[in-house]
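Read the structure below first, then the notes.
Nothing in this text is a laboratory measurement; each read-out follows from the coordinates by a stated rule. Everything numeric here is computed off the predicted structure, so don't read it as measured data. Don't worry about glycine lacking a Cβ; one is built from the backbone with ideal geometry, like all the others, and counts go over all protein chains shown.
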Amino acid sequence: MRNTGSQEVLTPETVGPALLEDVRDVEVIDVHTHLLPPSHGKLMLWGIDELLTYHYLVSEYFMVAPAEITHELFFAKTKLEQSDLVWQGLFVERSPISEACQGVITTLQRLGLERQVADRDLRGIRAWFAQQSLDEHVENIFRLAKVRYAVMTNIPYVEEEAQHWQPEAKPVTSRLRKALRIDNFLKGDWASICEALKKEGLDETMDGAKEYLRKWAGIYKPEYMMASTPHDWRYPEPAAAASMKPLVKAYAGFGASELLEEAVVPVCEELSLPIALKLGAWRGMSPDLDPCCGGDGVASADVASLQALCAKFPKVKFLVTVLSRANQHELTVVCQKTRNLHLYGCWWYCNNPSIIEELTKMRTEMLGTAYTAQHSDCRVLEQLLYKWDHSRQIIGEALVICLTGPPWICFPLSPPCACALLSAPSEERLAPHSRGAQTRLAAAAGRLLRGIHGPVSCKRLRRP
Ligand code: FIX
Ligand code: ZN
């Protein structure tokens with residue numbers, strides 16, 4: 001960030017470039033990723049072959065792949081062979097112009113590999129990655145991407161992951177923080193919850209389920225609990241599920257609403273943890289692509305269910321992002337009316353420049369700075385470079401328009417408005433209405449939600 005001194009006066013002409021520079025340089029907090037630390041071995045994804053086999057790119061590859069390359073054939077190949085095919089199909093035979101392709105190019109450029117990119121020299125790129133020392137490389141990427149830390153997605157009931165946390169927790173770089181992922185609770189998948197409880201030696205009851213959440217919250221010390229909900233998620237659940245005959249219910253176990261009300265919410269209240277929800281992924285829409293995690297589509301979510309949930313549990317802080325563009329305006333209105341709901345990021349199919357621009361403008365117009373502009377959802381370490389570079393550019397440009405375009409012309413020159421737009425949402429603002437048990441929640445949310453607004457200097461914005 002430029003050190004221009006606290007007395008600098010910004011005019012309508014200079015506020016734009018200064019804002020772009022600040023957004024470009026600010027150290028961000030990435031509130032949702034799928035990154036894992038080097039200590040988690042092969043679960044930590046990094047390097048060119050992981051970048052090229054990212055599910056966004058594999059899905060795109062199948063749009064143009066030769067007919068004889070079936071999904072079965074492709075997924076039976078080694079990672080290296082898959083990566084060769086994607087490189088050939090999307091980067092050699094075609095111009096890499098989609099957002100996901102451009103992302104690979106930006107990433108490689110940021111790592112100083114322009115020549116190899118220009119020569120389409122995949123072997124040279126692989127050789128560069130092979131020379132990196134992993135711990136240093138991790139630090140280097142976070143520094144280059146200007147990400148202070150990223151929140152991981154930690155799933156306790158996936159055995160390959162759990163083994164890195166117990167009996168002994170492996171070391172985790174301070175660049176990564178934890179999130180306790182509990183999709184099976186929001187799905188009402190009592191059978192899989194029982195399996196997890198059995199493994200932990202816990203009772204297959206609601207009390208057992210609460211104990212399970214407490215136990216894993218104790219292991220991870222997470223920033224929040226989180227889940228992606230099924231595309232048809234409703235709260236409260238439709239009457240049919242709630243009014244099942246006792247015998248059928250005994251067999252089916254607890255439903256999603258019961259698990260939320262009687263396990264997830266009480267434990268989150270007890271531990272002062274926010275609940276982060278991701279609404280609108282249509283799981284397994286194209287099962288052929290499931291092996292690479294690319295089989296999911298998008299569905300319009302029921303925003304009224306989210307509103308009902310927030311209203312029922314006013315002491316819990318909810319964080320939300322939605323996948324469908326069609327839901328975005330309705331959700332923004334609900335966020336404006338709901339004190340314990342905080343909107344974050346442009347997720348997956350909305351994480352494209354044209355949509356980020358549209359969403360950032362709309363959200364700023366309706367919410368001021370009371371939202372978090374972006375999260376990366378990175379699965380592969382080096383994606384931090386392109387996801388944040390691309391987003392910073394678009395978000396910066398969108399904010400400049402909000403800040404300098406008529407009829408807002410006098411707003412940026414008024415210090416309180418400028419501060420509100422550019423500086424961190426204060427922890428008081430994020431605090432729920434009560435004190436005591438909520439203090440940690442407010443602090444956690446404050447940390448989480450600093451997002452791109454963090455260190456932007458509001459002192460620079462002075463009335464001329
Ligand atoms: O549910 C999620 O956390 C999603 O982000 C993922 O399921 C998805 O595969 C993804 O990586 C999107 O960017
Ligand atoms: Zn995700």
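Collect residues whose amide H, placed 1.01 Å from N in the peptide plane, falls under 5 Å from the amide H of TYR149; neighbours closer than 5 in sequence don't count.
ASP30
Over 31 Å between Cα atoms: which of LYS79/LYS361; LYS79/LYS221; LYS42/LYS146; LYS146/LYS361; LYS198/LYS337 fall into that group?
Result: LYS79/LYS361; LYS79/LYS221; LYS198/LYS337 exceed 31 Å.
Can you sort MET63, MET366 by how many other beta carbons sit within 10 Å, fewest first?
With the fewest neighbours first, MET63, MET366 line up as MET63, MET366.
Under a cut-off of 13 Å between alpha-carbon atoms, report the aspartates and glutamates in cross-link reach of LYS278, not counting same-chain residues fewer than 8 places apart.
ASP183, ASP232, ASP302, ASP377
Rank these for me by crowding, ILE141, ILE155, going from fewest to most other beta carbons within 10 Å.
Lowest count first: ILE155, ILE141.
Taking amide H atoms as placed 1.01 Å from N in the peptide plane, list the residues 5 or more away in sequence, or in a different chain, whose amide H sits under 5 Å from that of GLU223.
Hits under the 5 Å cutoff: LYS178, ALA179, LEU180.
Between GLU204 and ARG120, what is the spin-label point distance in nm, taking each point 7 Å from the Cα along the Cα→C-beta axis?
The answer from the label model is 5.6 nm.
Express the Stokes-Einstein translational diffusion coefficient of the range 281-364 in µm² s⁻¹, to the nearest whole number, given a Kirkwood radius over alpha-carbon pairs, 10 °C and a viscosity of 1.306 mPa s.
114
Out of every Cα-Cα pair in the range 131-271, what percent are more than 22 Å apart?
Result for the distance tail: 47 percent.
Suppose R0 equals 60 Å; then what is the FRET efficiency for SER192 and THR11 from their Cβ-Cβ distance, rounded to the nearest 0.05?
Approximately 0.50, to the nearest 0.05.
Short version: ³J(HN,Hα) in whole Hz for each residue of the range 154-171, in order, from phi by Karplus 6.51 cos²θ - 1.76 cosθ + 1.60 (θ = phi - 60°), x for Gly and Pro, what are they?
Residue by residue, the range 154-171 yields 10, 10, x, 8, 9, 4, 4, 7, 4, 5, 8, 10, 8, x, 10, 7, 6, x Hz.
Go through the range 252-265 residue by residue and turn each phi into a ³J(HN,Hα) via Karplus (6.51, -1.76, 1.60, θ = phi - 60°); whole Hz please, and just put x for glycine and proline.
6, x, 7, x, 4, 5, 4, 5, 5, 6, 9, 10, 4, 5
Sorted from largest down, what three extents in whole angstroms do the Cα atoms of the range 104-146 have along their principal axes?
Principal extents (largest minus smallest coordinate, Cα): 28, 20, 12 Å.
Please report how far the C-alpha centroid of the range 299-369 lies from that of the range 258-292, rounded to the nearest whole angstrom.
16
Binning at 5 Å from 0, report for the range 91-189 what percent of all alpha-carbon pair distances ends up in each bin.
All Cα pairs considered, the percentages come to 2, 9, 14, 16, 14, 14, 13, 10, 6, 1, 0.
On the principal axes of its Cα set, how long, how wide and how thick is the range 1-134? Give whole Å, largest value first.
Largest to smallest, the principal-axis extents are 65, 36, 29 Å.
Calculate, for ARG24 and THR70, the FRET efficiency according to 1/(1 + (r/R0)^6) with r their C-beta to C-beta distance and R0 60 Å; round to the nearest 0.05.
It comes to 0.85.
As a footprinting exposure proxy, order SER59, SER376, SER95 by other Cβ within 10 Å, with the fewest listed first.
Fewest-to-most ranking of SER59, SER376, SER95: SER95, SER59, SER376.
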